[in-house]
Number of protein chains: 2
Amino acid sequence: VKAGVLGSGRVGQAIAGRLSELGHDVVAGTRDVEATLARTEPDAMGNRPFSAWWAEHPQVGLATFAGAAEQGEVLVNATNGAASLQALTAAGADNLAGKVLLDATNPLDFSVMPPTLNPVNSDSLGEQIQRAFPEAKVVKALNTVTAAVMIRPAMVGDGDHTVFMSGDDADAKATVAALLRDFGWRDIVDLGDITTARGTEMMIAVWLRMMQAFGTTEFGYKIVR
Amino acid sequence: VKAGVLGSGRVGQAIAGRLSELGHDVVAGTRDVEATLARTEPDAMGNRPFSAWWAEHPQVGLATFAGAAEQGEVLVNATNGAASLQALTAAGADNLAGKVLLDATNPLDFSVMPPTLNPVNSDSLGEQIQRAFPEAKVVKALNTVTAAVMIRPAMVGDGDHTVFMSGDDADAKATVAALLRDFGWRDIVDLGDITTARGTEMMIAVWLRMMQAFGTTEFGYKIVR
(Lines give C-alpha, C1' and ligand atoms only; values in the text may rest on other atoms or scores of the structure.)
Protein backbone atom coordinates (compact mmCIF):
# COMPACT_ATOMS: atom_id res chain seq x y z
CA VAL A 1 0.00 0.00 0.00
CA LYS A 2 1.08 3.60 -0.54
CA ALA A 3 1.18 5.19 2.90
CA GLY A 4 1.27 8.84 3.88
CA VAL A 5 2.65 9.37 7.38
CA LEU A 6 1.88 12.86 8.65
CA GLY A 7 4.48 13.97 11.19
CA SER A 8 8.26 13.79 11.02
CA GLY A 9 9.00 13.41 14.73
CA ARG A 10 9.69 10.32 16.79
CA VAL A 11 6.33 8.64 16.14
CA GLY A 12 6.30 9.54 12.46
CA GLN A 13 9.84 8.27 11.98
CA ALA A 14 9.02 5.00 13.74
CA ILE A 15 5.85 4.29 11.77
CA ALA A 16 7.23 5.46 8.41
CA GLY A 17 10.34 3.36 8.88
CA ARG A 18 8.42 0.26 9.89
CA LEU A 19 5.91 0.54 7.04
CA SER A 20 8.78 0.96 4.61
CA GLU A 21 10.60 -2.04 6.09
CA LEU A 22 7.41 -4.06 5.58
CA GLY A 23 7.51 -3.25 1.89
CA HIS A 24 5.11 -0.35 1.68
CA ASP A 25 5.76 2.78 -0.38
CA VAL A 26 5.91 5.54 2.22
CA VAL A 27 5.85 9.33 2.08
CA ALA A 28 6.42 11.29 5.27
CA GLY A 29 4.63 14.61 5.57
CA THR A 30 5.83 17.66 7.42
CA ARG A 31 4.68 21.25 7.79
CA ASP A 32 7.75 22.82 6.19
CA VAL A 33 10.07 20.48 4.28
CA GLU A 34 12.98 22.91 4.18
CA ALA A 35 12.78 23.68 7.88
CA THR A 36 12.52 19.97 8.72
CA LEU A 37 15.65 19.20 6.71
CA ALA A 38 17.53 22.21 8.07
CA ARG A 39 17.29 20.96 11.65
CA THR A 40 20.51 19.24 12.70
CA GLU A 41 20.13 19.19 16.48
CA PRO A 42 18.02 16.89 18.65
CA ASP A 43 14.70 18.45 19.67
CA ALA A 44 13.73 19.48 23.21
CA MET A 45 12.83 15.85 24.02
CA GLY A 46 16.20 14.57 22.84
CA ASN A 47 14.87 13.03 19.61
CA ARG A 48 17.34 13.09 16.75
CA PRO A 49 16.56 15.37 13.81
CA PHE A 50 14.63 14.02 10.83
CA SER A 51 17.65 14.47 8.55
CA ALA A 52 19.71 12.01 10.61
CA TRP A 53 16.90 9.45 10.52
CA TRP A 54 16.28 10.06 6.82
CA ALA A 55 19.90 9.34 5.94
CA GLU A 56 19.22 5.77 7.10
CA HIS A 57 15.81 5.56 5.41
CA PRO A 58 16.37 7.15 2.00
CA GLN A 59 13.60 5.09 0.46
CA VAL A 60 11.00 7.08 2.43
CA GLY A 61 9.71 10.09 0.56
CA LEU A 62 9.36 13.51 2.15
CA ALA A 63 6.67 16.02 1.27
CA THR A 64 4.41 18.63 2.80
CA PHE A 65 1.41 17.46 4.81
CA ALA A 66 -0.69 18.03 1.68
CA GLY A 67 1.76 16.21 -0.56
CA ALA A 68 1.97 13.16 1.70
CA ALA A 69 -1.81 13.09 2.24
CA GLU A 70 -2.43 13.34 -1.50
CA GLN A 71 -0.02 10.52 -2.35
CA GLY A 72 -0.99 8.20 0.49
CA GLU A 73 -3.83 5.73 0.05
CA VAL A 74 -3.67 4.95 3.76
CA LEU A 75 -2.76 7.80 6.09
CA VAL A 76 -1.27 7.95 9.57
CA ASN A 77 -1.60 10.93 11.89
CA ALA A 78 1.68 10.96 13.81
CA THR A 79 1.77 14.68 14.48
CA ASN A 80 1.89 16.33 17.87
CA GLY A 81 -1.61 15.99 19.37
CA ALA A 82 -1.82 19.69 20.17
CA ALA A 83 -1.16 20.54 16.51
CA SER A 84 -3.01 17.68 14.82
CA LEU A 85 -6.10 19.57 13.70
CA GLN A 86 -3.90 22.28 12.19
CA ALA A 87 -1.68 19.71 10.46
CA LEU A 88 -4.67 17.85 9.05
CA THR A 89 -6.18 21.10 7.83
CA ALA A 90 -2.92 21.77 6.03
CA ALA A 91 -3.07 18.24 4.64
CA GLY A 92 -6.41 19.17 3.13
CA ALA A 93 -9.85 17.66 3.62
CA ASP A 94 -9.94 16.57 -0.02
CA ASN A 95 -6.74 14.60 0.44
CA LEU A 96 -8.19 12.81 3.48
CA ALA A 97 -11.62 12.07 2.02
CA GLY A 98 -12.46 8.40 1.70
CA LYS A 99 -9.13 7.29 3.20
CA VAL A 100 -8.23 5.34 6.31
CA LEU A 101 -6.60 7.71 8.81
CA LEU A 102 -4.81 5.84 11.59
CA ASP A 103 -4.65 8.37 14.42
CA ALA A 104 -1.84 7.55 16.86
CA THR A 105 -1.93 10.79 18.83
CA ASN A 106 -2.82 11.96 22.32
CA PRO A 107 -3.98 15.54 22.97
CA LEU A 108 -1.42 16.34 25.65
CA ASP A 109 -1.09 19.87 26.95
CA PHE A 110 2.49 20.33 28.15
CA SER A 111 1.88 23.85 29.45
CA VAL A 112 1.24 22.35 32.89
CA MET A 113 3.17 19.61 34.65
CA PRO A 114 2.27 16.85 34.76
CA PRO A 115 0.72 17.32 31.32
CA THR A 116 -3.06 17.24 31.07
CA LEU A 117 -5.37 16.20 28.24
CA ASN A 118 -7.41 18.60 26.13
CA PRO A 119 -10.00 17.50 25.13
CA VAL A 120 -10.81 14.90 27.77
CA ASN A 121 -13.63 13.00 29.44
CA SER A 122 -16.64 13.90 27.23
CA ASP A 123 -14.65 14.34 24.01
CA SER A 124 -11.41 13.16 22.46
CA LEU A 125 -8.96 14.24 19.80
CA GLY A 126 -10.00 11.23 17.75
CA GLU A 127 -13.58 12.50 17.72
CA GLN A 128 -12.48 16.07 16.98
CA ILE A 129 -10.58 14.83 13.94
CA GLN A 130 -13.50 12.70 12.76
CA ARG A 131 -15.89 15.66 13.14
CA ALA A 132 -13.51 18.06 11.37
CA PHE A 133 -12.94 15.61 8.49
CA PRO A 134 -16.17 13.64 8.22
CA GLU A 135 -15.13 11.97 4.97
CA ALA A 136 -11.95 10.51 6.48
CA LYS A 137 -12.18 7.10 8.10
CA VAL A 138 -10.50 7.77 11.43
CA VAL A 139 -9.20 4.83 13.46
CA LYS A 140 -7.55 5.65 16.76
CA ALA A 141 -4.86 3.09 17.57
CA LEU A 142 -1.32 2.70 18.94
CA ASN A 143 -1.68 5.76 21.21
CA THR A 144 -1.28 3.72 24.40
CA VAL A 145 2.42 2.86 23.96
CA THR A 146 5.66 4.61 23.09
CA ALA A 147 6.74 4.86 19.44
CA ALA A 148 9.27 2.02 19.61
CA VAL A 149 6.68 -0.34 21.09
CA MET A 150 3.99 0.75 18.60
CA ILE A 151 5.95 -0.68 15.71
CA ARG A 152 7.64 -3.58 17.50
CA PRO A 153 5.37 -4.80 20.30
CA ALA A 154 7.63 -7.81 20.88
CA MET A 155 10.09 -5.34 22.39
CA VAL A 156 8.24 -5.85 25.70
CA GLY A 157 6.75 -9.02 27.16
CA ASP A 158 7.43 -11.01 23.98
CA GLY A 159 4.63 -9.00 22.39
CA ASP A 160 2.05 -10.50 24.74
CA HIS A 161 0.08 -7.30 25.30
CA THR A 162 -2.84 -5.39 23.89
CA VAL A 163 -3.48 -2.68 21.31
CA PHE A 164 -6.84 -0.94 20.98
CA MET A 165 -8.83 0.38 18.03
CA SER A 166 -11.64 2.95 18.02
CA GLY A 167 -13.47 3.99 14.87
CA ASP A 168 -16.79 4.25 13.12
CA ASP A 169 -15.88 2.34 9.94
CA ALA A 170 -15.56 -1.44 10.11
CA ASP A 171 -13.57 -1.74 6.87
CA ALA A 172 -11.13 0.93 8.01
CA LYS A 173 -10.63 -0.96 11.29
CA ALA A 174 -9.99 -4.16 9.32
CA THR A 175 -7.32 -2.32 7.29
CA VAL A 176 -5.70 -0.96 10.45
CA ALA A 177 -5.89 -4.34 12.18
CA ALA A 178 -3.99 -5.91 9.27
CA LEU A 179 -1.25 -3.27 9.60
CA LEU A 180 -1.12 -3.83 13.36
CA ARG A 181 -0.70 -7.55 12.85
CA ASP A 182 2.12 -6.83 10.41
CA PHE A 183 3.75 -4.73 13.12
CA GLY A 184 3.57 -7.79 15.41
CA TRP A 185 0.43 -7.11 17.46
CA ARG A 186 -1.50 -10.26 18.32
CA ASP A 187 -4.13 -8.99 20.77
CA ILE A 188 -6.14 -6.27 18.99
CA VAL A 189 -9.22 -5.06 20.89
CA ASP A 190 -11.89 -3.26 18.88
CA LEU A 191 -13.45 -1.02 21.52
CA GLY A 192 -16.18 0.29 19.24
CA ASP A 193 -16.91 3.64 17.64
CA ILE A 194 -14.65 6.68 17.64
CA THR A 195 -16.06 7.92 20.98
CA THR A 196 -14.19 5.06 22.64
CA ALA A 197 -10.99 6.96 21.82
CA ARG A 198 -11.73 8.93 25.00
CA GLY A 199 -10.82 5.83 26.93
CA THR A 200 -7.47 5.12 25.31
CA GLU A 201 -6.44 8.78 25.23
CA MET A 202 -7.17 8.99 28.97
CA MET A 203 -4.79 6.07 29.56
CA ILE A 204 -1.92 8.46 28.85
CA ALA A 205 -2.40 9.92 32.34
CA VAL A 206 -1.37 6.72 34.12
CA TRP A 207 1.16 5.97 31.37
CA LEU A 208 3.07 9.17 32.21
CA ARG A 209 3.16 8.23 35.90
CA MET A 210 4.32 4.70 35.11
CA MET A 211 7.06 6.13 32.92
CA GLN A 212 8.27 8.01 35.98
CA ALA A 213 7.83 5.07 38.36
CA PHE A 214 9.60 2.58 36.06
CA GLY A 215 12.17 4.96 34.60
CA THR A 216 11.40 3.73 31.09
CA THR A 217 8.84 4.19 28.33
CA GLU A 218 9.10 0.58 27.27
CA PHE A 219 6.02 -1.07 28.68
CA GLY A 220 2.55 -2.03 27.50
CA TYR A 221 -0.89 -3.00 28.73
CA LYS A 222 -2.04 -6.58 28.52
CA ILE A 223 -5.75 -6.93 29.12
CA VAL A 224 -6.09 -10.15 31.06
CA ARG A 225 -9.50 -11.79 30.61
CA VAL B 1 -6.29 -5.74 62.20
CA LYS B 2 -9.61 -4.11 62.98
CA ALA B 3 -11.00 -2.82 59.69
CA GLY B 4 -13.75 -0.31 59.02
CA VAL B 5 -15.20 -0.66 55.54
CA LEU B 6 -17.25 2.38 54.59
CA GLY B 7 -19.94 1.48 52.07
CA SER B 8 -22.41 -1.40 52.10
CA GLY B 9 -22.78 -1.88 48.33
CA ARG B 10 -21.11 -4.31 46.01
CA VAL B 11 -17.54 -3.09 46.62
CA GLY B 12 -18.04 -2.75 50.36
CA GLN B 13 -19.53 -6.24 50.62
CA ALA B 14 -16.68 -7.74 48.61
CA ILE B 15 -13.90 -6.09 50.62
CA ALA B 16 -15.58 -6.55 54.02
CA GLY B 17 -16.23 -10.22 53.27
CA ARG B 18 -12.70 -10.86 52.07
CA LEU B 19 -11.06 -9.09 55.02
CA SER B 20 -13.26 -11.07 57.39
CA GLU B 21 -12.41 -14.33 55.60
CA LEU B 22 -8.72 -13.44 56.04
CA GLY B 23 -9.24 -13.27 59.79
CA HIS B 24 -9.67 -9.56 60.31
CA ASP B 25 -12.27 -8.05 62.59
CA VAL B 26 -14.50 -6.06 60.23
CA VAL B 27 -17.18 -3.44 60.70
CA ALA B 28 -19.12 -2.23 57.67
CA GLY B 29 -20.28 1.37 57.72
CA THR B 30 -23.40 2.74 56.08
CA ARG B 31 -25.22 6.06 56.05
CA ASP B 32 -28.39 4.79 57.68
CA VAL B 33 -28.24 1.37 59.32
CA GLU B 34 -32.00 0.92 59.53
CA ALA B 35 -32.55 1.88 55.90
CA THR B 36 -29.74 -0.42 54.78
CA LEU B 37 -31.27 -3.37 56.63
CA ALA B 38 -34.79 -2.55 55.47
CA ARG B 39 -33.85 -2.95 51.79
CA THR B 40 -34.86 -6.38 50.53
CA GLU B 41 -34.73 -5.85 46.76
CA PRO B 42 -31.69 -5.71 44.47
CA ASP B 43 -30.57 -2.16 43.67
CA ALA B 44 -30.78 -0.47 40.26
CA MET B 45 -27.56 -2.23 39.20
CA GLY B 46 -28.93 -5.64 40.17
CA ASN B 47 -26.77 -5.99 43.28
CA ARG B 48 -28.41 -7.95 46.06
CA PRO B 49 -29.40 -6.06 49.19
CA PHE B 50 -26.97 -5.85 52.10
CA SER B 51 -29.29 -7.91 54.31
CA ALA B 52 -29.01 -10.91 51.97
CA TRP B 53 -25.23 -10.64 51.96
CA TRP B 54 -25.10 -10.08 55.71
CA ALA B 55 -27.06 -13.28 56.38
CA GLU B 56 -24.04 -15.13 54.97
CA HIS B 57 -21.46 -12.94 56.74
CA PRO B 58 -22.89 -12.54 60.25
CA GLN B 59 -19.40 -12.08 61.69
CA VAL B 60 -19.12 -8.66 59.99
CA GLY B 61 -20.33 -5.81 62.15
CA LEU B 62 -22.63 -3.09 60.88
CA ALA B 63 -22.55 0.52 62.06
CA THR B 64 -22.95 4.04 60.83
CA PHE B 65 -20.10 5.57 58.81
CA ALA B 66 -18.94 7.23 62.04
CA GLY B 67 -19.23 4.03 64.04
CA ALA B 68 -17.26 1.97 61.52
CA ALA B 69 -14.62 4.70 61.12
CA GLU B 70 -14.24 5.00 64.87
CA GLN B 71 -13.82 1.26 65.42
CA GLY B 72 -11.59 0.61 62.42
CA GLU B 73 -7.83 0.93 62.73
CA VAL B 74 -7.51 0.58 58.98
CA LEU B 75 -10.29 2.07 56.86
CA VAL B 76 -11.56 1.38 53.37
CA ASN B 77 -13.57 3.85 51.32
CA ALA B 78 -15.92 1.65 49.30
CA THR B 79 -18.69 4.20 48.95
CA ASN B 80 -20.10 5.53 45.70
CA GLY B 81 -17.50 7.94 44.31
CA ALA B 82 -20.05 10.71 43.80
CA ALA B 83 -20.99 10.50 47.50
CA SER B 84 -17.58 9.75 49.02
CA LEU B 85 -16.77 13.18 50.40
CA GLN B 86 -20.19 13.33 52.03
CA ALA B 87 -19.81 9.82 53.46
CA LEU B 88 -16.35 10.57 54.84
CA THR B 89 -17.61 13.81 56.35
CA ALA B 90 -20.29 11.77 58.09
CA ALA B 91 -17.57 9.34 59.21
CA GLY B 92 -15.88 12.26 60.90
CA ALA B 93 -12.43 13.75 60.37
CA ASP B 94 -11.44 12.77 63.93
CA ASN B 95 -12.24 9.14 63.19
CA LEU B 96 -10.06 9.21 60.07
CA ALA B 97 -7.11 11.06 61.57
CA GLY B 98 -3.86 9.13 61.60
CA LYS B 99 -5.41 6.09 59.92
CA VAL B 100 -4.74 4.37 56.63
CA LEU B 101 -7.68 4.99 54.29
CA LEU B 102 -7.65 2.66 51.30
CA ASP B 103 -9.70 4.51 48.71
CA ALA B 104 -11.13 2.10 46.12
CA THR B 105 -13.49 4.56 44.42
CA ASN B 106 -13.86 6.31 41.08
CA PRO B 107 -15.67 9.65 40.77
CA LEU B 108 -18.11 8.57 38.06
CA ASP B 109 -20.94 10.86 37.04
CA PHE B 110 -23.78 8.68 35.77
CA SER B 111 -25.94 11.65 34.77
CA VAL B 112 -24.54 11.35 31.25
CA MET B 113 -23.94 8.22 29.20
CA PRO B 114 -21.31 6.99 28.89
CA PRO B 115 -20.48 8.15 32.43
CA THR B 116 -17.81 10.82 32.80
CA LEU B 117 -15.37 11.55 35.61
CA ASN B 118 -15.62 14.49 37.99
CA PRO B 119 -13.00 15.53 38.97
CA VAL B 120 -10.66 14.54 36.15
CA ASN B 121 -7.40 15.43 34.42
CA SER B 122 -5.92 18.03 36.80
CA ASP B 123 -7.47 16.63 39.99
CA SER B 124 -8.80 13.33 41.32
CA LEU B 125 -11.17 12.10 43.98
CA GLY B 126 -8.20 10.62 45.80
CA GLU B 127 -6.65 14.07 46.07
CA GLN B 128 -9.95 15.68 47.06
CA ILE B 129 -10.27 13.19 49.90
CA GLN B 130 -6.67 13.74 50.99
CA ARG B 131 -7.17 17.53 50.95
CA ALA B 132 -10.48 17.32 52.83
CA PHE B 133 -8.99 14.98 55.48
CA PRO B 134 -5.33 15.93 55.68
CA GLU B 135 -4.71 13.78 58.75
CA ALA B 136 -5.93 10.62 57.02
CA LYS B 137 -3.35 8.56 55.11
CA VAL B 138 -5.12 8.09 51.82
CA VAL B 139 -3.97 5.29 49.51
CA LYS B 140 -5.82 4.94 46.23
CA ALA B 141 -5.87 1.30 45.13
CA LEU B 142 -8.07 -1.41 43.61
CA ASN B 143 -10.13 1.12 41.62
CA THR B 144 -9.04 -0.30 38.25
CA VAL B 145 -10.96 -3.59 38.48
CA THR B 146 -14.42 -4.82 39.38
CA ALA B 147 -15.21 -5.73 43.00
CA ALA B 148 -14.92 -9.48 42.51
CA VAL B 149 -11.47 -9.11 40.93
CA MET B 150 -10.31 -6.62 43.59
CA ILE B 151 -10.53 -9.26 46.29
CA ARG B 152 -9.66 -12.33 44.20
CA PRO B 153 -7.31 -11.27 41.39
CA ALA B 154 -6.73 -14.95 40.49
CA MET B 155 -10.27 -14.91 39.09
CA VAL B 156 -8.74 -13.62 35.82
CA GLY B 157 -5.47 -14.60 34.16
CA ASP B 158 -4.38 -16.72 37.13
CA GLY B 159 -3.85 -13.44 38.97
CA ASP B 160 -1.06 -12.42 36.62
CA HIS B 161 -2.05 -8.77 36.38
CA THR B 162 -1.36 -5.46 38.05
CA VAL B 163 -2.77 -3.35 40.87
CA PHE B 164 -1.72 0.25 41.46
CA MET B 165 -1.19 2.35 44.58
CA SER B 166 -1.11 6.14 44.90
CA GLY B 167 -0.47 7.91 48.18
CA ASP B 168 1.70 10.35 50.06
CA ASP B 169 2.57 8.12 53.04
CA ALA B 170 5.07 5.30 52.53
CA ASP B 171 4.04 3.41 55.67
CA ALA B 172 0.39 3.56 54.67
CA LYS B 173 1.28 2.19 51.25
CA ALA B 174 3.20 -0.64 52.91
CA THR B 175 0.13 -1.49 55.00
CA VAL B 176 -2.09 -1.46 51.90
CA ALA B 177 0.41 -3.50 49.91
CA ALA B 178 0.34 -6.18 52.60
CA LEU B 179 -3.45 -6.33 52.40
CA LEU B 180 -3.29 -6.49 48.61
CA ARG B 181 -0.86 -9.40 48.80
CA ASP B 182 -3.26 -11.14 51.19
CA PHE B 183 -6.00 -10.67 48.60
CA GLY B 184 -3.73 -12.43 46.08
CA TRP B 185 -2.14 -9.54 44.20
CA ARG B 186 1.44 -10.24 43.16
CA ASP B 187 2.26 -7.24 40.91
CA ILE B 188 1.73 -4.09 42.97
CA VAL B 189 2.91 -0.88 41.29
CA ASP B 190 3.53 2.13 43.53
CA LEU B 191 2.89 5.02 41.16
CA GLY B 192 3.92 7.70 43.62
CA ASP B 193 2.05 10.39 45.52
CA ILE B 194 -1.71 10.84 45.68
CA THR B 195 -1.75 13.00 42.53
CA THR B 196 -1.03 9.82 40.57
CA ALA B 197 -4.58 8.73 41.44
CA ARG B 198 -5.61 10.89 38.46
CA GLY B 199 -4.08 8.25 36.24
CA THR B 200 -5.83 5.22 37.68
CA GLU B 201 -9.17 7.00 38.03
CA MET B 202 -8.95 7.97 34.35
CA MET B 203 -8.51 4.29 33.44
CA ILE B 204 -12.20 3.79 34.23
CA ALA B 205 -13.04 5.44 30.89
CA VAL B 206 -11.49 2.64 28.82
CA TRP B 207 -12.60 0.08 31.40
CA LEU B 208 -16.27 0.95 30.77
CA ARG B 209 -15.78 0.55 27.02
CA MET B 210 -13.98 -2.77 27.47
CA MET B 211 -16.84 -3.96 29.66
CA GLN B 212 -19.15 -3.29 26.73
CA ALA B 213 -16.80 -4.78 24.13
CA PHE B 214 -16.13 -7.95 26.15
CA GLY B 215 -19.57 -8.32 27.73
CA THR B 216 -18.03 -8.91 31.14
CA THR B 217 -16.51 -6.97 34.01
CA GLU B 218 -14.04 -9.73 34.75
CA PHE B 219 -10.76 -8.51 33.33
CA GLY B 220 -7.64 -6.76 34.55
CA TYR B 221 -4.60 -4.83 33.38
CA LYS B 222 -1.21 -6.48 33.32
CA ILE B 223 1.57 -3.98 32.83
CA VAL B 224 4.08 -5.77 30.63
CA ARG B 225 7.64 -4.49 31.05
*Measure out, as a whole number of angstrom, how far apart the alpha-carbon centroids of the range A:165-191 and the range B:76-94 sit.*
42 Å
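Please report the antiparallel percentage of DSSP beta bridges with both residues in the protein assembly as shown, rounded to the nearest 5. Walk me through the numbers on the way to the answer.
Values: 15 of 67 bridges.
Bridges in the protein assembly as shown that DSSP calls antiparallel: roughly 20 percent.
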*Accessible surface ranking that places the most exposed of B:21, A:127 first, with a 1.4 angstrom probe*: B:21, A:127
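For peptide B:187-200, compute the average count of partner chain beta-carbon atoms within 10 Å of each residue's beta-carbon.
On the way: counts 0, 0, 5, 1, 7, 4, 1, 0, 2, 8, 3, 7, 10, 3.
What the average comes to for B:187-200 is 4.
For the protein assembly as shown, take N as its residue count and report Rg(C-alpha) divided by 2.2 N^0.38 Å. If you can, show how the numbers build up before the last one.
Values: Rg = 23.9 Å, N = 450, 2.2 N^0.38 = 22.4 Å.
Normalised Rg, Cα atoms only: 1.07.
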*Using label points projected 7 Å from each Cα along Cα→Cβ, tell me how many nm separate residue B:55 and residue A:57, to one decimal.*
6.5 nm
*List the residues whose amide H sits under 5 Å from the amide H of residue B:62, counting only those 5 or more places along or on another chain, with H placed 1.01 Å from N in the peptide plane.*
B:28
*Rounded to the nearest 0.05, what FRET efficiency is calculated for residue B:188 and residue B:25 with R0 set to 30 Å and r the Cβ-Cβ distance?*
0.80
*Distances in nm from residue A:38 to the matching label points in the other copies, shortest first (labels 7 Å along Cα to Cβ)*: 7.7
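Tell me, in nm to one decimal, what length is gained between residue A:174 and residue A:217 on full extension, where the rule is 0.36 nm per residue of separation less the Cα-Cα distance?
Details: separation 43, 0.36 × 43 = 15.48 nm, distance 2.80 nm.
Taking residue A:174 through residue A:217 to full extension adds about 12.7 nm, to one decimal.
Which percentage, to the nearest 5, of the DSSP beta bridges contained in the range B:96-175 is antiparallel? Working shown, then result.
Working: 5 of 9 bridges.
Percentage antiparallel, nearest 5: 55.
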*With 21 Å as the limit, write out which pairs from B:140/B:222; A:2/A:99; A:140/B:140; A:2/A:222; A:2/A:137; A:222/B:137 have Cα-Cα distances beyond it, or answer none.*
A:140/B:140; A:2/A:222; A:222/B:137
*B plus A alone minus the pair: what accessible area, both sides summed, probe 1.4 Å, in Å² to 100?*
2800 Å²
_Point-to-point label distance, residue B:86-residue A:154, nm (Cα→Cβ direction, 7 Å offset)_ = 5.5 nm
*Just check the range B:73-225 against the gyration tensor rule for me: Cα atoms, a ≥ b ≥ c as the square roots of the eigenvalues, rounded for a/c under 1.5, and otherwise prolate or oblate depending on whether a/b exceeds b/c.*
oblate
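Rounded to the nearest 5, what % of the DSSP beta bridges within chain B are antiparallel ones?
15 percent
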*For the protein assembly as shown, give the magnitude of the charge dipole about the Cα centre (Cβ charges: +1 Lys/Arg, -1 Asp/Glu; no others), in debye to the nearest 20.*
400 debye
*Quick one: accessible area per residue over chain A, 1.4 Å probe, rounded to a whole number of Å²?*
39 Å²
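Leaving out ligands, DNA and RNA, and with a 1.4 Å probe, what % of the accessible surface on chain A is carbon or sulfur? Before the final figure, lay out the partial values.
On the way: 4370 of 8860 Å².
Result for chain A: 49 percent of the exposed heavy-atom area is carbon or sulfur.
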*asked:* If you average 1/r across every pair of different Cα atoms in the range B:1-41 and take the reciprocal, what Kirkwood value do you get, in Å?
replied: 10.6 Å
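The values are calculated or read from the model by the stated rules, or taken from the named source; none is laboratory data. What you see is a predicted model, and the numbers here were worked out from it, not measured in a lab. We place every Cβ from the backbone using ideal geometry, glycine too, and count neighbours over all the protein chains shown. Keep in mind that these areas ignore ligands, DNA and RNA; they rest on the heavy atoms of the full protein, side chains included. Shrake-Rupley method; radii C 1.70, N 1.55, O 1.52, S 1.80 Å.
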